[in-house]
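Some notes on the structure that comes next.
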Amino acid sequence: MTKETKIQMEWIELGFEPSSFDEGGWIDFNDLPEDFDIGNLDAKHYQEPDVDYRTTLVRPKDLRGLEDNNGWIKIDSEADLPKDKSIEFDICRFEKDGTFVSDKAIGYSNLKLHVRDKLITHYKPTDVLNPPLY
């Protein structure tokens, strides 16, 4: 699935198909139908620099985390593999039915094997918990 497809799916699920949206899935509030239920939308203010234009942009709440894909790195080729080979990684894939399957803490060599065998679609560095300072 692509980022654009995810954005379109979320808008359609809310009953609206915008003619265009920015890379974060945001559209101008004024482009919504008058009777649209805004309860499932996030909003932010937008102002054009050096111009007296202000508006409110909205997008589905389910797109929170879109900017960094919730910390997951999509693997399209070996070029997307991490440069740091000394840490462990969480891995995941989406099944054909859309089910999310994940596994925790594998090393770089296993990550590379999973990519080669097309067993995963995404990875992220395993969160390392820093010990308390006091």
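The values are calculated or read from the model by the stated rules, or taken from the named source; none is laboratory data. Small disclaimer: the values here were computed from a predicted structure and weren't measured. So basically every Cβ, Gly included, is an ideal-geometry build from the backbone, and we count neighbours across all protein chains shown. Just the protein is used for accessible areas: all its heavy atoms, side chains included, with ligands, DNA and RNA removed. Shrake-Rupley method; radii C 1.70, N 1.55, O 1.52, S 1.80 Å.
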Restricting region 22-50 to residues that are surrounded by 15 or more Cβ atoms within 10 Å (Cβ to Cβ) and of a type in the set (A, V, I, L, M), which is nearest to Glu4 (Cα to Cα)?
-> Ile27
Applying the selection to region 29-47, what residues are part of a loop (DSSP other than H, G, I, E, B) and under 28 Å from Gly98 (Cα atoms)?
-> Phe36, Asp37
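Tell me, which residue of region 7-21 that is in contact (Cβ under 8 Å) with a residue 40 or more places away in the chain and surrounded by 15 or more Cβ atoms within 10 Å (Cβ to Cβ) is nearest to the chain's Cα centre (by Cα)?
Out of the qualifying residues, it is Ile7.
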From the list Asp50, Asp62, Asp90, which one is over 19 Å from Trp11 (Cα atoms), under 17 Å from the mean Cα position of the chain (by Cα) and either free of Cβ contacts under 8 Å to residues at least 60 places away in the same chain or not in a loop (DSSP other than H, G, I, E, B) (or both)?
-> Asp90
Go through (1) touching a residue at least 40 places away in the same chain (Cβ under 8 Å); (2) outside any loop (DSSP other than H, G, I, E, B); (3) touching a helix residue (DSSP H, G or I) at 6+ places or on another chain (Cβ under 9 Å) one by one and return the number of the condition Asp84 breaks.
-> (2)
Test Ile12 against the criterion of being part of a helix (DSSP H, G or I) and touching a Leu at 6+ places or on another chain (Cβ under 7 Å), and give yes or no.
-> no
Of everything in region 51-104 that's open to solvent by 90 Å² or more (accessible area, probe 1.4 Å) and of a type in the set (Lys, Arg), which residue is nearest to Asp127 (Cα to Cα)?
-> Lys104
Checking Ala79 against (1) over 21 Å from the mean Cα position of the chain (by Cα); (2) within 24 Å of Glu4 (Cβ to Cβ), the condition it does not meet = (1)
Inspect region 15-28 for any residue being in a helix (DSSP H, G or I) and at pLDDT 90 or above and give the result as yes or no.
-> no
